[in-house]
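One structure is given here, and the rest of the page talks about it.
Just so you know, all these numbers are worked out from the coordinates, no wet-lab data involved. Predicted model only: the values in this text are computed from it and were never measured. As a convention, Cβ positions derive from the backbone with ideal geometry for all residues, glycine included, and neighbour counts pool all protein chains shown.
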Amino acid sequence: MIKLQKYDGNPILTAQGDSWEGLCVLNPAVIYDEESGEFKMLYRAAGNDLTHHIYLGLATSKDGFAFERASSEPNLAPDKGGADEGCVEDPRLVKMSGYYYLTYASRTFAPGQYWRRDCGYFGFKPEEGPTMLLNNNSVTHLAISTDLKNWKKLGRITDSRLDDRDVYIFPEKVGGKYVRLSRPMEWCGKGFKNANPAIWIAYSDDLMEWEKPKLLMQGKEWWEDAKIGGSTPPVRCKYGWLLLYHGVAKKDGGYRVGAVILDAKNPSKVIARTKDFIMEPEFPFETDGYYNGCVFPTGIAVKEDTMYVYYGAADKYVCVATAPFEEFCEKVYKEGK
């Protein structure tokens, strides 16, 4: 059976003080920098304000487990009056040709403390106009940096009429094209092959304008019968592209994790996929929080054949699990065919 080994010291990052990260930290993007020998993490964070504005913080680690915050200020913040004024959240990070590329979900207005019945709506609604303004739906943006400290926001890379998150790009071109995975919530049901929200793939010449997405994969098993979405950016292995994804079950609303390998030259082709989940909520810090029963991987790093998978737990904490990389990929390939 394919499983990830959760770290005994979880959670590895928790909320701090009475500040922009005083309520929750979760859903981190992580890269291992071989030059510095450091793991670098961008984590989602929010303070205990009713509006629930969401930021990204930066932390670093030498061993992949003990992380230190790099600053007392956010690494990336919403722009007041801008298209991402409500939040910058659920980052996914890749390094390509010397540059860091960050995809993040945003909303026009702050989402409020969404787990509360009185979370409210913190914006205005004209009678008609842009969908993202009327619905405050998630739109995914792209940013670029040379040092993970100074960012240039490039704008949205998904259709603003769709609630589209769990979006990330591949760390290199494939067949001369950039590749993007996404999960448009509205693309399901009548008129679609997938009954529930699923993972779609698209290609681009410049990272900003994308060809029409095509359905890549949809939920099959009981633990993913409500919806699935991409989790960690793809990592090259000898069998192709390894990526982790999350599935949500109708039975209990729980978030669980699966693995898939895509063809190296044609990532629109799934060559192996786990039938059973490889990680699920178990411990109190995963089952009791702002979303009870959630393990949500968003970061992955490989160092010396150890794969580090970083995940948000119960929308409240940052945790990590590991596995031998080559052995893990071999099991996914053999058992998932």
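Can you check what the Kirkwood hydrodynamic radius comes to for the range 106-221, Cα pairs only, in Å to one decimal? Roughly 16.1 Å, rounded to one decimal. Among the GluC sites (Glu not before Pro) in the range 37-133, those placed in a DSSP loop whose Cβ has at most 16 other Cβ atoms within 10 Å are Glu127, Glu128.
Within the same chain, lysines fewer than 8 places from Lys193 are excluded, and of the rest, those with a Cα less than 21 Å from its Cα are Lys212, Lys214, Lys220, Lys227, Lys250, Lys269, Lys275. A Förster radius of 25 Å, combined with the Cβ-Cβ distance separating Gln16 from Met96, puts the computed FRET efficiency at roughly 0.20. The label point for Phe65 and the one for Glu38, both projected 7 Å from the Cα toward the Cβ, are 2.1 nm apart. Based on Cβ point charges of +1 for Lys and Arg and -1 for Asp and Glu, what charge dipole magnitude is obtained for the range 127-225 about its Cα centre, in debye rounded to the nearest 20? Dipole size: approximately 220 debye. You can think of it this way: the chain between Arg161 and Asn135 has 8.5 nm of extra reach, that is 0.36 nm per residue less the Cα-Cα gap. Among Gly312, Gly17, Gly112, the residue with the largest mean-square fluctuation in a Gaussian network model of the chain, with springs joining Cα atoms closer than 10 Å, is Gly17. The equivalent ellipsoid of the chain has semi-axes of 27, 24, 21 Å, largest first, where each one is the square root of 5 times an eigenvalue of the Cα gyration tensor.
Given springs between every Cα pair under 10 Å in a Gaussian network model of the chain, which of Met208, Met279, Met185 has the largest fluctuation? Maximum among the listed residues: Met208. Among Tyr121, Tyr291, Tyr101, the residue with the largest mean-square fluctuation in a Gaussian network model of the chain, with springs joining Cα atoms closer than 10 Å, is Tyr121.
Rank these for me by crowding, Trp115, Trp210, Trp223, going from fewest to most other beta carbons within 10 Å.
Ranked by crowding around the Cβ, least crowded first: Trp115, Trp210, Trp223.
Evaluated with a Cβ-only charge set (Lys, Arg +1; Asp, Glu -1), the range 12-335 carries a dipole of roughly 960 debye about its Cα centre, given to the nearest 20. Positive end of the dipole of the range 216-280 (Cβ unit charges, origin at the Cα centre): among Ile278, Val260, Ser231, the Cα lying farthest that way belongs to Val260. Taken as Cα centroids, the range 62-129 and the range 183-238 sit 22 Å apart, rounded to the nearest whole angstrom. Along the range 77-89 the Karplus relation, 6.51 cos²θ - 1.76 cosθ + 1.60 evaluated at θ = phi - 60°, assigns HN-Hα couplings of 10, x, 8, 4, x, x, 5, 10, 4, x, 5, 10, 8 Hz to successive residues, with x for each Gly and Pro. Between Met1 and Cys119, the simple label model (points 7 Å from Cα in the Cβ direction) yields a spacing of 3.3 nm.
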